[in-house]
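For reference, the structure is listed below as structure tokens.
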Amino acid sequence: MITHKITKGFDLRIKGAPAREIADAPEPAVVAVRPSDFPGIKPKIRVQEGDTVRTGDPLFYDKNRPECVFVAPATGVVSRVVLGPRRLLLAVEIAVDKNEEFAESTPIHASSSRDEIVAALLGAGLWPLIRQRPVGKIADPAVHPVAVFINGMDTAPLAADPGFALEGRGADLQAGVDVVRRMTQGKVYLAVRPGSAPAFQGLNGVEVHAFDGPHPAGLVGTHIHAIRPLKMGETVYALRAEDVARIGAYARTGRYPAQRVVAVSGEQAMARRYVRVRDGARLDALLGKVHGAEDRVICGSVLDGKAEPGDGFLGYYATTVTVIAEGAHDRELFGWGLPQPKRLSMFRAVWPFPGRSEVSVDARMNGGPRPPVNIGAYEAVTPLGILPSFLMRAIQANDLDEALQLGLLEVTEEDVALCTVVDPCKNDVGAVIRKGLDLYERES
Amino acid sequence: MRFLRNIVDNTRKLYAEPGSKFHKVWPAFDALETFLFTPHHTAPKSGPHVRDYMDLKRTMSMVIIAMVPCLLMAIFNTGYQHFAALAQMVGDGATNPYPAQIGWLQGLVFGGEYAPDLAAISFADQVVFGLQQMLPILIVSYGVGLTIEVVFSIWRSEEVSEGYLVSGMLIALVVPASIPLWQLALACAFTVVLAKEIFGGTGTNIFNPAMMARAFLFFAYAAQMSGDRVWVAGNGTRDTIDGYSGPTALSVAANAKLSGNHFESEGLPLVESSVDALTQAGFTWWDLFTGLVPGSAGETSTLAALIGAVLMIALGVASWRTIVGGVAGLFAMGLVMNLTAGSLDGLGGLPPHYHLVMGGFAFGIVFMATDPVSSPETNAGKWVYGLLIGAVTVLVRAVNPAYPEGMMLAVLLLNAFAPTIDHFVVQSNIKRRKVRLG
């Protein structure tokens with residue numbers, strides 16, 4: 001095992017970590033699948049309201065890549081097809097039936113070819129679990145990746161620990177590794193925390209790398225940068241270890257793996273622990289109640305998640321649900337000038353003394369938008385050897401060549417999330433990076 | 001606090017919403033509102049959901065806190081120089097201007113018949129005189145600058161940026177305490193409009209606004225910004241002491257011309273070196289370090305600037321690379337000048353540690369050169385930038401025959417080169433990436 005030490009970065013020490021215990025969430029009454037969870041797809045509906053679907057039956061597909069389907073995570077009746085402006089598909093909701101039936105599956109054998117495996121995963125609705133770098137969208141099945149990166153760690157604040165969530169799933173994990181390693185001629189890398197969890201020990205067919213240090217040590221962008229940087233034109237597939245185990249479970253059982261383990265965290269969550277829950281479940285199934293507007297329910301971590309209404313649904317990629325206060329009515333007198341020992345900050349100007357304990361957070365911006373004044377904040381939290389402020393400027397000037405030279409393809413919005421968090425001028429760095437990646441996709 | 005919050009919440013209705021009564025001037029109200037209470041808008045629904053408590057208001061206010069030692073020193077030294085000069089003149093036979101000429105604050109505090117004992121000047125005498133000079137300067141600097149900033153914010157319909165809070169204080173500290181206020185007002189207006197807003201406001205200016213204000217005054221009103229008669233404030237005409245000549249250490253050393261094997265300073269006996277010239281004029285290194293010497297109000301004390309530097313680095317709002325680079329560049333160029341001093345004016349022969357404590361170098365490298373907007377953004381660039389500022393400062397001081405102060409020109413010159421320095425660092429970053437990726 002090779003250990004990489006990441007020095008630049010920042011761990012947000014926030015109150016509300018989940019207890020290390022796994023409970024079973026009740027079966028949700030309604031589940032939903034939403035195309036907005038999958039950036040870049042053009043959804044085309046395949047079911048109608050009133051149709052009965054089995055777990056694993058396709059609900060919609062991507063018009064750009066019709067073989068890539070998105071499937072029902074539960075058995076039941078399609079209760080609602082939500083359309084937005086210009087009849088854009090927003091969500092398919094299913095009223096869950098107690099008796100679960102599974103769609104037929106294409107088996108994956110040890111002798112299956114790459115094409116057969118790809119076809120099986122596409123048809124089973126598991127392909128969207130595989131994302132690619134650069135650009136960070138659903139992987140292109142036609143592209144042969146130079147390597148596969150499996151992420152067995154998450155350094156985002158209050159995020160689920162894959163090592164814990166996967167305890168006892170060693171067989172699924174191995175089966176999943178055996179599937180994904182046939183995607184590539186190159187190596188399969190597994191990134192873990194130092195002193196890796198029992199779940200990751202004794203896996204065959206992966207090269208294990210440990211990453212030590214603050215966030216973003218646990219992001220796949222950091223791993224790729226440290227282990228195998230990509231040349232122009234190269235692509236890798238990236239999966240999370242949880243998703244590898246789900247693919248493994250599918251390969252072993254032939255059934256769509258609709259259950260997953262999600263960490264419920266954040267100070268405003270009622271019970272902070274790991275729960276086993278159905279994909280796409282309505283959030284009250286895991287949270288125990290419907291949170292009002294005074295709380296912000298986030299599918300994902302506070303760095304990269306999406307805010308959902310209290311009666312919203314679990315996002316497709318979420319392994320963590322974080323509930324924090326919205327804080328829209330809290331205002332501090334002279335908050336900008338007084339020392340603040342109990343606020344989230346990387347800066348000594350907020351509180352100069354070390355050894356700060358965990359803090360409460362809310363969703364406030366804590367400052368007005370300002371033109372960029374660079375006091376070295378971005379550079380202090382970016383370990384990728386890129387110059388975020390110059391990269392941003394190149395993108396804002398629509399200078400794609402310069403942006404590519406400055407390492408645009410090494411990052412996605414999650415890699416620069418910390419820049420956005422610590423920026424005193426409150427600029428959204430991630431949005432600019434995504435604009436640059438969109439520009440790249442359009443022009444290439 | 002609840003009471004204050006209610007006022008804020010009620011006033012908000014008058015301007016926050018489009019179509020409300022004062023919506024056209026909302027930036028002015030918003031600036032007041034967010035000065036009192038932290039803003040309450042929340043993060044968008046996707047992307048990071050939490051934000052650091054640091055904002056630009058705090059960044060700027062920390063710089064202002066770091067300038068407080070310099071401001072206190074400016075107030076004290078302005079009074080100290082005033083009374084020291086008077087004592088010397090009266091000792092030489094001039095008439096004591098008190099109580100015939102007294103200033104507005106002296107009259108307010110001590111009464112109309114104020115006649116301080118020049119032989120035993122008290123701390124209160126000095127501070128009151130210092131405040132009397134510095135308060136109007138601060139009020140004019142902030143008043144003029146902030147008003148224009150707010151007008152531009154309203155015009156652009158943007159929140160008011162805090163950048164000028166630092167610039168306003170800087171401008172007050174880099175001018176002589178005797179500066180005519182109308183000239184100062186003109187300089188503030190010039191710098192806000194032509195050095196800052198014309199480029200797009202805070203974050204987009206090329207030159208440090210405070211340095212631009214000083215340069216404007218220096219070239220437009222040279223009589224009030226240079227020479228030997230402006231550095232000690234008084235109550236006489238043009239706020240100077242009539243007939244008093246109090247040269248700065250820089251001009252003493254600059255005028256120590258080579259004459260045979262000796263340095264001869266004008267009006268002073270023959271000296272062996274420019275350090276000798278300084279000593280004979282009453283400047284020891286220690287005087288120059290503590291700052292009880294004539295000069296621009298806030299620039300004289302290297303000690304106060306040093307405290308400011310420690311504060312800013314400790315609070316993480318200034319780059320230590322620029323400061324350390326600057327001092328290193330100053331020493332290096334100082335030594336080079338020493339080696340070639342034979343053919344040069346007195347400042348070239350000065351040991352480098354004198355350059356550190358003379359003129360505006362210490363103040364400038366700590367508070368002006370570290371300005372994040374007009375300096376390079378890359379860490380490597382900051383080293384180069386600092387080194388060059390130090391070197392150019394000494395170069396201008398030693399080689400330029402016209403005026404002895406090099407700091408202002410060094411900072412402005414390197415401001416202009418900051419993007420170029422960054423360009424080379426960025427190119428090396430690109431090159432490194434190419435090498436790494438093959």
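Assorted remarks:
- Approximating the spin labels as points 7 Å out from Cα along Cα→Cβ, the A:Arg46-to-B:Ala120 distance works out to 10.1 nm.
- Within the accessible area of the protein assembly as shown, the carbon and sulfur atoms contribute 59%, probe 1.4 Å, all protein chains present.
- Solvent-free Debye calculation, one equal scatterer per alpha-carbon of chain B: log10 I(q)/I(0) at 0.08, 0.12, 0.14 Å⁻¹ equals -0.51, -1.04, -1.31.
- Modelled FRET efficiency - R0 41 Å, B:Asn379 with A:His109, Cβ distances, 0.05 increments: 0.15
- Virtual spin-label span in nm between A:Arg273 and A:Ala328, 7 Å along Cα→Cβ: 3.2
- Each part reduced to its alpha carbon centroid, region B:75-105 and region A:7-84 end up 82 Å apart.
- Comparing B:Val151, B:Val160, B:Val230 in a Gaussian network model of chain B, where Cα atoms under 10 Å apart are tied by springs, the biggest mean-square fluctuation is seen for B:Val151.
- As a size descriptor, the averaged projected area of the C-alpha convex hull of region A:246-306 was calculated at 4.9 nm².
- Restraint check, A:Lys8/B:Lys45; A:Lys42/A:Lys306; A:Lys435/B:Lys21, Cα-Cα greater than 29 Å: A:Lys435/B:Lys21
- Interface size B-A, as summed buried accessible area [1.4 Å probe, Å², nearest 100]: 6000
- Among the residues of A:335-348, the average count of other protein chain beta-carbon atoms within 10 Å of the residue beta-carbon is 5.
- Whole-angstrom gap from region B:180-245 to region A:300-316, using each part's C-alpha centre: 55
- With the highest mean first, a sort of the peptides B:218-229, B:408-419, B:162-173, A:407-418 on other beta-carbon atoms found within 10 angstrom per residue produces B:162-173, A:407-418, B:408-419, B:218-229.
- Relative contact order (%) - criterion: Cα under 8 Å, at least six apart; region: region A:369-444: 37
- Given charges at beta-carbon only (K, R positive; D, E negative), |dipole| of the protein assembly as shown in Debye: 2040
- Peptide A:373-382 - average C-beta neighbours from other chains (10 Å radius): 5
- Under 5 Å, built H, 5+ apart or other chain: amide partners of B:Phe37: A:Phe334
- A Cβ-based charge dipole, computed about the Cα centre of chain B with Lys and Arg at +1 and Asp and Glu at -1, lands at about 2040 debye.
- By average C-beta atoms within 10 angstrom, highest first, the peptides A:75-82, A:161-168, B:49-56: B:49-56, A:161-168, A:75-82
- Accessible area of region A:369-444 divided out per residue, in Å², using a probe of 1.4 angstrom: 33
- Counting only residues at least eight positions apart within a chain, or on another chain, the lysines with an alpha carbon under 19 Å from that of B:Lys431 are A:Lys231.
- Point-charge dipole on Cβ atoms (K/R +1, D/E -1) for region A:258-325, about Cα centre, debye to 20: 300
- When the protein assembly as shown is described by a simple charge dipole with +1 on each Lys and Arg Cβ and -1 on each Asp and Glu Cβ, the residue from B:Met73, A:Ile45, A:Leu408 located farthest towards its positive end is A:Ile45.
- Mean-position separation - Cα centroids, region B:356-420 and region A:347-384, in angstrom: 29
- Region A:369-444: proportion of alpha-carbon pairs further apart than 16 angstrom, %: 41
- For region A:166-181, backbone phi angles converted through the Karplus equation (6.51, -1.76, 1.60; θ = phi - 60°) give residue-by-residue couplings of 9, 4, x, 10, x, 5, 4, 4, 4, 4, x, 4, 4, 6, 6, 5 Hz, Gly and Pro being listed as x.
- Once the Cβ-Cβ distance of A:Arg252 and A:Lys5 is raised to the sixth power relative to R0 = 30 Å, the FRET efficiency obtained is 0.25.
- Backbone N within region A:12-33 under 17 Å of label point (7 Å from A:Lys98 Cα along the Cβ vector): A:26-30
- Of all DSSP beta bridges in region A:291-444, antiparallel share, percent nearest 5: 80
- MRE, 222 nm, helices only [DSSP H, n ≥ 4, -39500 (n - 2.57), over chain A, to nearest 500]: -5500 deg cm²/dmol
- When peptides A:322-332, A:59-69, B:88-98 are ranked by their average number of other Cβ atoms within 10 Å per residue, the highest-first order is A:322-332, A:59-69, B:88-98.
- Given charges at Cβ of Lys, Arg, Asp, Glu: the protein assembly as shown dipole, positive-most of B:Gly111, A:Ile130, A:Val373: A:Ile130
- Computed from backbone phi with θ = phi - 60° and the Karplus coefficients 6.51, -1.76 and 1.60, the 3J(HN,Hα) list for region A:122-129 is 4, x, 7, x, 9, 4, x, 5 Hz; x is used for glycine and proline.
- Evaluated at q = 0.09, 0.12, 0.13, 0.14 Å⁻¹, a Debye calculation over the C-alpha positions of chain A (equal weights, vacuum) places log10 I(q)/I(0) at -0.58, -1.07, -1.28, -1.49.
- Between helix A:429-443 and chain A there is an angle of about 50 degrees, using the helix long axis and the longest principal axis of the Cα atoms.
- Along region B:112-125 the Karplus relation, 6.51 cos²θ - 1.76 cosθ + 1.60 evaluated at θ = phi - 60°, assigns HN-Hα couplings of x, 9, 5, 9, x, 7, 5, 7, 9, 6, 8, 4, 4, 3 Hz to successive residues, with x for each Gly and Pro.
- Dipole orientation for the protein assembly as shown: of the candidates A:Ala74, B:Ser296, B:Gly390, A:Ala74 has the Cα lying most toward the positive pole (charges on Cβ; Lys, Arg +1; Asp, Glu -1).
- Helix B:302-315 and the longest principal axis of the C-alpha atoms of chain B enclose an angle of approximately 20°.
- Normalised by the number of residues in chain B, the mean separation of alpha-carbon contacts (under 8 Å, six or more apart) gives a relative contact order of 15 percent.
- Multiplying the residue separation of A:Ala397 and A:Asn204 by 0.36 nm and subtracting their alpha-carbon distance yields 64.8 nm.
- In this simple spin-label model, placing a label point 7 Å from the Cα along the Cα-to-Cβ direction at both B:Leu72 and B:Ala189 gives a separation of 3.6 nm.
- The mean number of partner chain beta-carbon atoms within 10 angstrom of a residue's beta-carbon across peptide A:415-427 is 4.
- Taking the DSSP beta bridges with both ends in the protein assembly as shown, the antiparallel portion is around 65 percent.
- A Förster distance of 60 Å, applied to the separation of the beta-carbon atoms of A:Ala431 and B:Ala220, puts the FRET efficiency at 0.85.
- Long-range HN-HN contacts of A:Ala238 with modeled amide H, under 5 Å: A:Arg131, A:Gln132, A:Arg133, A:Phe149
- Rel. contact order, % - alpha carbon contacts under 8 angstrom, at least six apart, region A:258-325: 38
The values are calculated or read from the model by the stated rules, or taken from the named source; none is laboratory data. Computed from a prediction, not measured in an experiment: that's the story for all the values here. All Cβ positions, even for glycine, are placed from backbone atoms using ideal geometry, and neighbour counts span all protein chains on display. Accessible surface areas use protein heavy atoms only, side chains included; no ligands, DNA or RNA. Shrake-Rupley method; radii C 1.70, N 1.55, O 1.52, S 1.80 Å.
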